[in-house]
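Structure record follows, encoded as structure tokens.
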Amino acid sequence: QESAARVALGNAFEQVGRHSDALACFRQAEITRTKVHSHIPQLNSFSNFRYCDALLVIPERTAWQSLMSDSSFAVQNVELEGILREVERRVALCFKWNDHLEHDILSSAISRLTLARVAVYRLLSVGAESPISSSALDLARRLISVATERLMLSGQRDYIPYGLLTRALLRKLELDVAGARSDLGEAWQIAERGPMRLHLADIHLHRARLFRDKEELKRARVLIQQCGYWRRKDELEDAEEVAQNWPNNIEVGSEKGTK
């Protein structure tokens, strides 16, 4: 119970932008848990998903910087790749230690979603002038396809937008603009019913960055400020800086729910 409480606190810290405090909570939660379950010396399943989500903050921001940059943005560095490998290692160990994971639809879905995010961020880390390998692209497609399918099957609608947001990013990377818009529209319909306001903020921010939509960027800022969702502060400010060079006659999304 103490470990679970620390994970919940760590996740709360992460969403309000206290990244260092969040990581400290997750590490302490892991230490607490392994005192009882020494045969699995790390956080597991949903707790590991939250920890990995925090670990991916820097790779995620860097991936978006690369995507928004019109020039080559060489992101390749040892520290970034080290984070991605650590996340992959943690997910692999979850599958190794839990024979039941494949039979738990939601747990296996979020684990594969984490791997899909790693694959997509790694694709974007090659820089604008470097070609994306077909094998890396295929891997990202397979992972996000299985993850979103299992998320849908799980029926846990609060987790489904995570998969759709990641798939939208990959589809835009593949120049499938219609597919990206469709994913964000579906995510909006789910999040709006909640209302899941953090998901709604993420959708606004995705639309702004993927389609160079200044109005969506304004909506993202309003909602992020209202919710105190400062996990997105750096990403928001990155987009606002780049948006100064976006044309006014932008490719505005027409999906229901953009306002």
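The values are calculated or read from the model by the stated rules, or taken from the named source; none is laboratory data. Source: prediction; values computed, not measured. No Cβ is skipped: glycine too gets one built from the backbone with ideal geometry, and neighbour counts run over all protein chains shown. Side chains are part of the model used for accessible areas, which takes the heavy atoms of the whole protein and leaves out ligands, DNA and RNA. Shrake-Rupley method; radii C 1.70, N 1.55, O 1.52, S 1.80 Å.
Here is how the numbers come out for the structure above:
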quantity: Residues whose placed amide H lies under 5 Å from that of Gly194, excluding near-sequence neighbours; calculated: none
quantity: FRET efficiency, Cys227 to Glu86 (Cβ-Cβ, R0 22 Å, nearest 0.05); calculated: 0.15
quantity: Zone residues, the range 1-34, relative to Asp234, backbone N less than 12 Å from point 7 Å out along Cα-to-Cβ; calculated: 17-20
quantity: Accessible area in the full protein assembly, largest first, 1.4 Å probe, for Cys25, Cys227; calculated: Cys227, Cys25
quantity: The range 1-57: relative contact order in percent, alpha carbon pairs under 8 Å with at least 6 residues between; calculated: 36
quantity: Carbon/sulfur fraction of accessible area - the chain, other protein chains in place, 1.4 Å, %; calculated: 51
quantity: His37 versus Ala4: modelled label distance in nm, points set 7 Å from Cα along the beta carbon direction; calculated: 1.1
quantity: Tensor-based shape of the chain (alpha-carbon gyration tensor, a/c under 1.5 rounded, otherwise prolate or oblate); calculated: prolate
quantity: Accessible heavy-atom area order of Arg141, Arg207, highest first, probe of 1.4 Å; calculated: Arg141, Arg207
quantity: Nearby aspartates and glutamates by direct alpha-carbon distance to Lys214 (threshold 16 angstrom, same-chain neighbours under 8 apart not counted); calculated: Asp202, Glu235, Glu237, Asp238, Glu240, Glu241, Glu251, Glu255
quantity: Probe 1.4 Å, protein heavy atoms only - accessible area per residue of the chain in square angstrom; calculated: 48
